[in-house]
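Below is one structure, written out as structure tokens; comments come after it.
The values are calculated or read from the model by the stated rules, or taken from the named source; none is laboratory data. This one's a predicted model, so the numbers in the text were calculated from it and none came from an experiment. Ideal geometry is used to build each Cβ from the backbone, glycine not excepted, and the neighbour counts take in all protein chains shown.
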Amino acid sequence: MDPTLRLLKQLIAIDSINPSLVPGAAGEAAIARALVEEFRGIGLEVDVQEVAPGRPNVVGVLEGRAPGRSLMYCGHIDTVGVSGMTRPFDPAERDGKIYGRGSQDMKGGVAAMIGAARVIAESGGLSTGRLVIACVVDEEHASIGADALVTKWRADGGVVTEPTDLRVAIAHKGFEWVEIETEGRAAHGSRPSEGRDAIRLMGRVLGGLDALDRDLQSRAPHPLLGTASLHASLIDGGHELSSYPDRCHLQMERRTIPGEAPGSAGREVQALLDRLRGEDADFKALSRVMFARSPHEIAADHPLPVAMQAAVRAQAPSRVPSAASALGWKSSSPQALKSSSPQPGPQRGSRAGVEALMIGMSFWTDAAVLSEAGIPSILFGPTGGGLHSIEEWVETQSVLTCRDALVTLARTWCR
């Protein structure tokens with residue numbers, strides 16, 4: 001079996017559910033131990049960075065024989081939970097796909113980047129530069145792994161191997177989480193003059209948020225990411241049917257796009273609450289920003305995405321999906337960008353039948369953390385489906401194509 005596919009199946013078979021998402025879950029300790037052994041077997045220098053108890057980043061380094069540019073390949077080793085799955089840790093292969101939790105998100109990409117290091121090491125290594133392979137914890141929750149990684153490691157370029165259908169992604173959305181609490185007055189349900197309904201007051205807030213979301217989605221879209229948006233995520237309030245509720249609590253998410261000022265969601269919510277207080281002196285509510293992550297974008301003509309495109313084009317045409325298939329990439333429908341034009345559309349490669357597209361991703365990734373730390377970063381990874389669902393898979397050949405493109409990129413970049 002190809003060593004990259006062997007490693008992928010080994011990684012899928014290891015339970016690495018994020019314990020911040022599922023209390024009591026296994027976490028990343030076991031998969032980290034397996035990666036340490038894999039790196040040592042390849043001949044990489046290994047660094048284990050304890051981020052939280054039992055949750056280590058594992059970093060492998062392949063040094064060139066002379067100084068040159070450095071490149072970081074980064075992927076997360078945690079997964080979401082497995083509720084509803086029958087055999088989540090049994091890496092079944094059928095019809096050209098490998099199934100199992102984490103196969104797409106993102107053990108396929110992790111196996112590809114480690115496989116690239118193996119190919120380079122076994123074929124003479126790097127003549128110049130440095131290749132850093134970073135396997136980080138906790139991306140599915142708060143990205144404490146990436147935050148810790150950039151306190152210790154730097155590179156002249158970074159590739160996060162999240163699934164992109166073998167397309168070069170140069171942008172993704174950010175997010176802000178905000179909680180809001182309306183204050184009512186508890187009273188028996190038969191005494192309306194004494195009570196004030198906190199849930200109905202939250203209804204006013206929801207109405208305002210609905211109007212704000214319509215406004216956000218009516219604005220001029222980002223060429224790769226579309227518009228910003230928001231949604232109400234969690235709500236609770238009240239104690240029993242016969243009482244006026246004194247509190248109602250809402251948690252919401254605001255998806256952000258490049259160009260928006262940091263803290264937009266907090267300011268928008270505060271403005272809404274101020275307006276509602278102006279309309280009703282008895283309206284009482286508080287809000288606070290819980291957590292936020294910035295959107296990410298790198299210029300289409302930056303040397304890194306240009307080099308990644310060239311590396312993709314260097315692969316056999318039959319191994320790279322067509323532009324038409326890329327434009328229909330999963331439900332998030334990323335946009336494609338000509339590197340020579342701001343208008344969406346395919347960028348034709350130099351070899352017949354091969355096209356490399358620059359796209360944007362709807363979801364947030366660790367590329368934003370790397371970029372903010374001064375590591376110019378893109379996304380590039382294999383093809384798959386079933387992200388966070390009960391049937392997750394990655395296309396077998398795409399993992400190998402991803403690996404080979406990463407080999408080509410490292411050899412051209414690390415000079």
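Among the residues of the stretch 3-46, those that are touching a residue at least 24 places away in the same chain (Cβ under 8 Å) and on the phi > 0 side of the Ramachandran plot comprise GLY27, GLY43. Is there a residue being in a strand (DSSP E or B) and within 22 Å of GLY115 (Cβ to Cβ) anywhere in the stretch 22-45? Scanning the stretch 22-45, I find at least one residue that is in a strand (DSSP E or B) and within 22 Å of GLY115 (Cβ to Cβ), so the answer is yes.
Yes/no matrix, rows are residues, columns are (1) touching a Lys or Arg at 6+ places or on another chain (Cβ under 7 Å); (2) assigned to a helix (DSSP H, G or I); (3) surrounded by 13 or more Cβ atoms within 10 Å (Cβ to Cβ):
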| residue | (1), (2), (3) |
| --- | --- |
| LEU241 | no, no, no |
| LEU250 | no, no, yes |
| ARG254 | no, no, yes |
| ALA265 | yes, yes, yes |
| ALA271 | no, yes, no |
| ASP274 | no, yes, no |
| GLY278 | no, yes, no |
| VAL289 | no, no, yes |
| ALA310 | no, yes, yes |
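Checking the stated criteria, LEU225 turns out not to satisfy the condition of being touching a residue at least 60 places away in the same chain (Cβ under 8 Å) and farther than 21 Å from ALA368 by Cβ. Filtering the stretch 3-21 to residues that are β-branched (Val, Ile, Thr) and surrounded by fewer than 17 Cβ atoms within 10 Å (Cβ to Cβ) leaves nothing. So, SER123, is that one without any contact (Cβ under 8 Å) to a residue 24 or more places away in the chain, out of contact with any strand residue (DSSP E or B) (no Cβ under 6 Å at 6 or more places or on another chain) and assigned by TED's automatic domain parsing to the domain that holds ALA29 or not? So SER123 passes the test. Within the option set ARG219, ARG204, ARG214, being farther than 17 Å from ALA265 by Cα and among the basic types (Lys, Arg) holds for one residue only, ARG204.
What about GLU183, is it in the same structural domain as THR227 (by TED's automatic domain parsing), within 30 Å of HIS239 (Cβ to Cβ) and touching a helix residue (DSSP H, G or I) at 6+ places or on another chain (Cβ under 8 Å)? So GLU183 passes the test. Kindly evaluate ALA121 against the criterion of being under 22 Å from the mean Cα position of the chain (by Cα) and surrounded by fewer than 22 Cβ atoms within 10 Å (Cβ to Cβ). No; evaluated as a whole, the condition is false for this residue. So, GLU45, is that one touching a Ser or Thr at 6+ places or on another chain (Cβ under 7 Å) and acidic (Asp, Glu) or not? No: the conditions fail for GLU45. Against the criterion of being of a type in the set (D, E, K, R) and assigned by TED's automatic domain parsing to the domain that holds ILE390, ARG191 does not qualify. Restricting attention to the stretch 357-415, the residues being at pLDDT below 95 and buried (at least 24 other Cβ atoms within 10 Å of the Cβ) number 2. Consider the stretch 182-224 and keep the residues that are surrounded by fewer than 18 Cβ atoms within 10 Å (Cβ to Cβ) and in a strand (DSSP E or B). The one that is nearest to the chain's Cα centre (by Cα) is GLU183.
Among the residues of the stretch 329-352, not a single one is of a type in the set (S, T, N, Q), modelled with pLDDT of 95 or more and under 17 Å from PRO305 (Cβ atoms).
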